[in-house]
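For reference, the structure is listed below as structure tokens.
Since every read-out is calculated from the coordinates, none of them should be taken as a lab result. These numbers were taken from a predicted model, which means no experiment stands behind them. Note that each Cβ is placed from the backbone with ideal geometry, even for glycine, and that neighbours are counted across all protein chains shown.
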Amino acid sequence: MASIPEWTTYIVVGCLVGLVFAGRAIYYRPDGRDLKRVADSFMGGVCLGLVLSLNSYKVFTYLLPGEIVHYESAYELHIPGPSFGRSGRCEAGLRFKDLNTERWIELCTTELEFNERRKKGMDVVLVTAHSNKIGSYIVGYQFIYK
């Protein structure tokens with residue numbers, strides 16, 4: 001949703017959880033209301049709230065109802081592909097633009113799988129995506145002739 005800034009939502013959720021933690025520090029330790037303890041509780045709550053809310057839009061996109069859409073998109077093959085963790089990379093990455101969110105999506109693949117699914121002259125990928133107001137996720141794709 002373009003009307004809701006994503007990172008602002010994460011920071012607001014983190015601050016609200018931080019306020020709850022700070023309130024608990026004040027309420028349960030009325031004799032020790034020093035500023036350092038309250039600040040530490042607030043920062044711990046902010047960090048926890050931020051980490052817990054980071055993938056919330058992706059989860060809501062997956063869980064909320066929407067419609068299945070099909071669209072054609074040009075694609076690119078990148079070797080090596082995107083990283084998946086601290087020490088690894090995919091052998092190849094299939095990259096295409098999601099027309100619903102206007103973002104580039106890169107999927108892990110191998111050169112062998114890419115060559116098996118794609119025949120000569122197939123220069124477009126037909127993408128099947130689940131889409132709703134929050135975003136979309138890829139259900140499947142196949143290479144087609146234009």
request  = Write down the Kirkwood hydrodynamic radius of the range 107-146, to one decimal in angstroms, obtained as one divided by the mean of 1/r over all alpha carbon pairs.
outcome  = 11.5 Å
ask   = Per 10 Å bin from zero, what fraction in whole % of the C-alpha pairs of the chain is there, up to the bin with the longest pair?
value = 11, 26, 25, 18, 12, 7, 2, 0
query = Of the residues Leu35, Leu126, Leu54, which exhibits the maximal mean-square fluctuation in a Gaussian network model of the chain defined by a 10 Å Cα contact cut-off?
reply = Leu35
ask   = So how many Å³ per residue does the convex hull of the Cα atoms of the range 6-54 work out to?
value = 48 Å³
message = Please compute, for the alpha-carbon atoms of the range 65-144, the extent along each of the three principal axes and give them in descending order in Å.
response = 36, 34, 17
request  = Mind ranking 118-124, 100-106, 9-15 by how tightly packed they are, going by the mean number of other C-beta atoms within 10 angstrom, highest first?
outcome  = 9-15, 100-106, 118-124
task = Might you list the cysteines of the chain that have no disulfide-compatible partner by the rule of another cysteine's Cβ under 4.7 Å?
result = Cys15, Cys47
ask   = Listed highest first by mean packing, meaning other Cβ atoms within 10 Å per residue, what order do 79-91, 127-139 come in?
value = 127-139, 79-91
